[in-house]
Amino acid sequence: MGDKVRLADIAEKTGVSIVSVSKALSGKGGVSRQKLEEIKKVAKELGYEPHTYAARHPSKNIGVICRESYLTRFYSFYWQMYQDMNKTASLMGSFAMLEVITSDMERSVEMPRLLAEGKVDACIVVGNMADDYLAALRKGFDIPLVYLDYMGTDPDMDCVVSDSFYGAYAMTNYLYDMGHTKIAYVGTLMATGSITDRYLGYQKSVLEHGGKIRKEWVIDDRDAKTGLTDAEKMLTLPKEMPTAFFCNCDLTAALLIKKLEKSGYRVPKDISVAGYDNYTYPGICETEITTYEVDLEEMSKLAVEIALNNVWGEDYKKGLHIVCGKLVEKESVKKLHS
């Protein structure tokens, strides 16, 4: 029976991920002692033999492609995702190789060399790209494509995203619970799917609390075409200030805090600021930002698992995968009432 047992079978029975099973059975830790014993017990009961699994799953290469603008010094969020993907691929006996897509490549619809030269067996697309570029990828290559931190309109696309809508809804509800009723949203709508989803979560909370969406309190933070955040040209402070700003990401929150301080406001004493993603950008501001944490590691793991299971012909859940996060209280939000 051993040659028919998959790590996925053990993962399903023990309630952990395939990566956790792989790490546990290879002696690399990553799970509690109690869970380790459970995994070993289930593996033995099912007749799992490590060498047979490896023989059935030869090493495969995964391409990872990402826009150049997402990998600037401010966007190390995606660098962290790539590192997590590399780690997961290695644990599953494969390799992840990154290729950066320049703006010229995207404009001219020049395909990644990793794919054009047949160097990879699957590809993970990180973040948003132009529609015609993504369409060319799907049409031009007969390999599995997984979209990470991006969701398209095709229901058959394999996508892994954070729960932006309900995460933003939870964060805005938190601001109301802290006594804030005048809350602005900071993020360029339609620049990325996640920014728009977070705005819609914010909008739901505002409407449920009997508020109205004020146009001057929906503030751009970046160029919609390039995706580059521009604190000087954007992040325009409104004439009538809210008591709190909810920013679509921690980078924008950090830049906004810096701009508020230059304008004479103190955070959180005068104005509260909340972010999203819980990713630190050193050197921008000293204030610890209250935020909604994105589970980068779980998203990255899941994307790699989907890509490799597709290549290996293993069963997996196709379509959209939403990874939940959690609210993290720090020091950038002031409570206005008891």
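Rule-based calculations on the coordinates, nothing more; no lab input. Keep in mind that what you see is a predicted model, and the values were worked out from it rather than measured. Neighbour counts are summed over all protein chains in view; Cβ atoms, including those assigned to glycine, are modelled from backbone coordinates with ideal geometry.
Below is a table of values for the structure above.
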quantity: Partners for K269 among lysines (Cα-Cα distance below 30 Å; same-chain residues under 8 apart left out); calculated: K182, K204, K212, K215, K233, K239, K258, K259, K326, K330, K334, K335
quantity: Footprinting exposure proxy for L228, L251, L296, L25 (fewest neighbouring C-beta atoms within 10 Å first); calculated: L228, L25, L296, L251
quantity: Neighbour-count order for H209, H180, fewest beta carbons within 10 angstrom listed first; calculated: H209, H180
quantity: Amide H partners (placed H, <5 Å) of I289, local residues excluded; calculated: E331
quantity: Local net charge near A224, Cβ-Cβ under 13 Å (Lys/Arg +1, Asp/Glu -1); calculated: -1
quantity: Amide proton proximity set for V64, modelled H, under 5 Å, gap of 5+; calculated: M97, L98, E99, I124
quantity: Modelled FRET efficiency - R0 51 Å, S32 with L336, Cβ distances, 0.05 increments; calculated: 0.80
quantity: Principal axis dimensions, largest first and in whole angstrom, of segment 254-338 by Cα; calculated: 59, 32, 16
quantity: For the chain, alpha-carbon Rg over 2.2 N^0.38 Å; calculated: 1.10
quantity: Exposure proxy order (Cβ contacts within 10 Å, fewest to most) of Y133, Y169; calculated: Y133, Y169
quantity: Placed amide H near G179: partners under 5 Å, 5+ positions off or other chain; calculated: L336
quantity: Between segment 137-174 and segment 68-115, the Cα center-to-center distance that results, in Å; calculated: 16 Å
quantity: Net dipole in debye of the chain [+1 Lys, Arg Cβ; -1 Asp, Glu Cβ; about Cα centre; nearest 20]; calculated: 640 debye
quantity: Spherically averaged projected area in nm², based on the convex hull that wraps the Cα atoms of segment 164-294; calculated: 7.3 nm²
quantity: Across K35/K318; K13/K44; K225/K317; K13/K317; K44/K87, pairs whose alpha-carbon gap is larger than 23 Å; calculated: K35/K318; K225/K317; K44/K87
quantity: Rotationally averaged projected area of segment 93-134 (alpha carbon convex hull; nm²); calculated: 3.2 nm²
quantity: Cα-based helix-to-principal-axis angle, 250-262 vs the chain, degrees rounded to 10; calculated: 20 degrees
